[in-house]
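The values are calculated or read from the model by the stated rules, or taken from the named source; none is laboratory data. Keep in mind that this is a model prediction, so the values were computed, not measured. Here the Cβ positions follow ideal geometry from the backbone for every residue, glycine too, while neighbour counts run over all protein chains shown. Surface areas here come from the heavy atoms of the whole protein model, side chains and all, with no ligands, DNA or RNA. Shrake-Rupley method; radii C 1.70, N 1.55, O 1.52, S 1.80 Å.
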Amino acid sequence: MSKLRVQCFGVSIDGFGAGPSQSLENPLGVGGRALHEWIFKTRTFRAMIGEDGGETGIDNDFAARGFENIGAWILGRNMFGPVRGPWPDDTWKGWWGDNPPYHTKVFVLTNHARSPLAMDGGTTFHFVTDGIEKALARAREAADGKDVRLGGGAATIREYLRARLVDELHLTYAPVLLGSGESLFNGLNMPALGYQVTAHTMTATTMHVLIAKS
């Protein structure tokens, strides 16, 4: 069976996966951009946004690995955009412009129905209103044997961890303190859920931590 993987998910030293007060001006919350500084200079990220060049090395290897064998994505609604409550219309189409970086089917968890949204580059957003397990089942079907990447945010990852549905996590710990925001592990006893750290690697900008379900 395909795996459900969390890849390249940034976390602050004090455990926050996003800053507070997400908005159109601060899609990662106030201060949240600092969690991802490690990836911005990598060749993988620059290619993802249509730019040439970029650094190779350990950070780039981890970034590239996050896209290997991925056949579908799952996102929480906040990862799709800042709109809350019922969709007022179909104007909002995500943070990423007309050609999002997914190039697969993406299943967005929400309490409010919306028609599928086809974008350039092969990305289609499907809005799932009947829970995390149904979203995973649909994503696995769409992935056709490949893995499913769980993009976040922190609250969505917590839900899947609590249900022991995540197989692997790759976290990147940034050397910053946010003080508040979305806590990744709040209320979770990871060892009791069967998770353990399997490897960690330090670079100049982050610490890569791999966690797997035993």
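Kindly establish whether ASP89 is assigned to a loop (DSSP other than H, G, I, E, B), more than 15 Å from GLY151 (Cα to Cα) and either open to solvent by 30 Å² or more (accessible area, probe 1.4 Å) or charged (D, E, K, R) (or both).
In short, yes.
Which residue pairs have Cβ atoms closer than 6 Å, lie 6 or more positions apart in sequence or on different chains, and pair a first residue in segment 203-214 that is farther than 17 Å from LYS3 by Cβ with a second residue that is aliphatic (A, V, I, L, M) and open to solvent by less than 50 Å² (accessible area, probe 1.4 Å)?
Between residues of segment 203-214 that are farther than 17 Å from LYS3 by Cβ and residues that are aliphatic (A, V, I, L, M) and open to solvent by less than 50 Å² (accessible area, probe 1.4 Å), the close pairs are THR206/ALA174; VAL209/LEU171.
Which condition number does LEU35 fail, the rest of (1) in contact with a helix residue (DSSP H, G or I) (Cβ under 8 Å, 6 or more places away or on another chain); (2) not in a strand (DSSP E or B) being met?
Unmet condition: (1).
Considering (1) open to solvent by 70 Å² or more (accessible area, probe 1.4 Å); (2) small (Gly, Ala, Ser); (3) under 19 Å from the mean Cα position of the chain (by Cα), say which one GLY152 fails and leave the rest.
Of (1) open to solvent by 70 Å² or more (accessible area, probe 1.4 Å); (2) small (Gly, Ala, Ser); (3) under 19 Å from the mean Cα position of the chain (by Cα), only one is false for GLY152: (1).
All but one of (1) outside any strand (DSSP E or B); (2) free of Cβ contacts under 8 Å to residues at least 60 places away in the same chain; (3) open to solvent by 40 Å² or more (accessible area, probe 1.4 Å) hold for THR198; state the number of the condition that does not hold.
With (1) outside any strand (DSSP E or B); (2) free of Cβ contacts under 8 Å to residues at least 60 places away in the same chain; (3) open to solvent by 40 Å² or more (accessible area, probe 1.4 Å) applied to THR198, the lone miss is (1).
Since PRO27 meets every condition but one in (1) free of Cβ contacts under 8 Å to residues at least 40 places away in the same chain; (2) open to solvent by less than 70 Å² (accessible area, probe 1.4 Å), which condition does it not meet?
So the condition that PRO27 fails would be (1).
Suppose we filter TYR102, TYR160 for residues that are closer than 29 Å to THR42 by Cα and in contact (Cβ under 8 Å) with a residue 40 or more places away in the chain; which single one remains?
Answer to the selection: TYR160.
Got a number for residues in segment 68-86 being open to solvent by 80 Å² or more (accessible area, probe 1.4 Å) and either among the hydrophobic types (A, V, I, L, M, F, W, C) or part of a helix (DSSP H, G or I) (or both)?
Looking only at that region, the number is 0.
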